[in-house]
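The values are calculated or read from the model by the stated rules, or taken from the named source; none is laboratory data. Note that the coordinates shown come from a computational prediction; the quantities given were computed from them, not determined experimentally. Neighbour counts run over all protein chains shown; Cβ positions are idealised from the backbone, glycine included.
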Amino acid sequence: MPSLKSLKVRIASVKSTQKITRAMKTVAAAKLRRATDAAVAGRPYAERLEAVMASLASKVTIGPNSPKLLAGTGKDEVHLLVVATSERGLAGGFNTNIVRAARAKADALIAAGKKVRFYIAGRKGRAVIRRMYPGMIVHDHDMSHVKNAAFGEALTIARDLIARFEAGEFDVCHLIFSKFQSALVQTPQVIQIIPAAVTKPANDGAVETASAAIEYEPDEESILAELLPRNVAIQIYRAMLENQAGFYGAQMNAMDNATRNAGDMIKRLSIQYNRARQAAITTELVEIISGAEAL
């Protein structure tokens, strides 16, 4: 049985840990509100931009003069997976779920005979990808200086990806992140961002009437050439916002669980300490009584 001193030290240590986890939970809860508002506010713009691009793409015949970000390279051999995770841990399975989705996508592509490359954006996905897929990381984007999601950082990543695409380093690019649904639920997402995966919108009579009155100047291809690079940046920025909200939600839950587990451990250790202390007192009383009777 552990000594009274070791039990007392351990109880004090767990109490210190509990204070830290409680403080981290409070901070995460405070930041979650702002991150959630930013993620929710960013969705309509990204979705509307995709709808506009789909409408434009439906009026364009893809050919040699079409924007490369829409038409693609004409091949489907090399796939680049952009794995967007957080820079910090202590958030339960948040980063693990994103990496698991990336691994599932990579394994499916490799099984189909495709070449897979990784573009890391976030420190927590680096170690696993490097260990599981050695030599397949083409770039590791440092985001340690980014405290909050910023469009400037997303634009930097987007420009780098577009430059690599135009240089012929890959044919298809997929973005992997975690979509925020609630503080308890974050769902990993895998979306294609290069070339743009646009689908013709489903039109009813009202939409057809509205779209018939739209005239584009300059032509649709010129507008798409401007919107396609912006769409890549917007989708990356949206992923950063969703990840940020999901991270704080996951961290808040993880720290809440850790705080409650610490409380349970303190109770168990306290009971063990009291039992050991009572046993020591009982032993001393027995020795005193036995000594008195011997006299």
Test for LYS8: is it modelled with pLDDT of 90 or more and not in a loop (DSSP other than H, G, I, E, B) | no
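For the structure I just gave you, tell me whether ALA41 is hydrophobic (A, V, I, L, M, F, W, C), closer than 15 Å to ALA196 by Cα and exposed (fewer than 15 other Cβ atoms within 10 Å of the Cβ).
In short, no.
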Restricting the search to segment 5-33, which residues are loosely packed, with under 14 Cβ neighbours inside 10 Å, of a type in the set (A, V, I, L, M, F, W, C) and farther than 26 Å from ALA149 by Cβ?
-> VAL9, ALA12
Quick one: in segment 151-187, which of the residues that are small (Gly, Ala, Ser) and within 30 Å of THR73 (Cα to Cα) is surrounded by the most Cβ atoms within 10 Å (Cβ to Cβ)?
-> SER178
Going through segment 91-133 one residue at a time, which ones are of a type in the set (Lys, Arg), touching a residue at least 40 places away in the same chain (Cβ under 8 Å) and not in a helix (DSSP H, G or I)?
-> ARG117
State whether one or more residues within segment 73-96 are modelled with pLDDT under 90, under 19 Å from GLY168 (Cβ atoms) and of a type in the set (Gly, Ala, Ser).
-> yes
Scan segment 187-239 residue by residue and report those that are modelled with pLDDT of 85 or more and aromatic (Phe, Trp, Tyr).
-> TYR237
Is there a residue being in contact (Cβ under 8 Å) with a residue 24 or more places away in the chain, in a loop (DSSP other than H, G, I, E, B) and of a type outside the set (S, T, N, Q) anywhere in segment 38-52?
-> no
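Does segment 70-81 contain at least one residue that is part of a strand (DSSP E or B), in contact (Cβ under 8 Å) with a residue 40 or more places away in the chain and in contact with a helix residue (DSSP H, G or I) (Cβ under 7 Å, 6 or more places away or on another chain)?
Yes - at least one qualifying residue is present in segment 70-81.
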Consider HIS139 carefully, then state whether it is in a strand (DSSP E or B), out of contact with any Pro (no Cβ under 8 Å at 6 or more places or on another chain) and more than 14 Å from ILE176 (Cα to Cα).
-> yes
Flagged pairs (Cβ under 8 angstrom, 6 or more apart or on separate chains; first in segment 269-295, surrounded by 10 or more Cβ atoms within 10 Å (Cβ to Cβ); second in a helix (DSSP H, G or I) and modelled with pLDDT under 85) are TYR273/LEU4; ALA276/LEU4; ARG277/LEU4; ALA280/LEU4
In segment 149-172, how many are out of contact with any Pro (no Cβ under 9 Å at 6 or more places or on another chain) and either within 15 Å of VAL83 (Cα to Cα) or of a type in the set (Asp, Glu) (or both)?
-> 7
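Considering segment 10-47 alone, what residues qualify as being of a type in the set (Val, Ile, Thr) and within 18 Å of the chain's Cα centre (by Cα)?
We begin by selecting, within segment 10-47, every residue of a type in the set (Val, Ile, Thr); these are 11, 14, 17, 20-21, 26-27, 36, 40.
Within segment 10-47, THR36, VAL40 qualify.
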Which residue out of GLU50, GLU77 is crowded, with 18+ Cβ neighbours inside 10 Å, farther than 30 Å from ARG260 by Cβ, charged (D, E, K, R) and over 16 Å from the mean Cα position of the chain (by Cα)?
-> GLU50
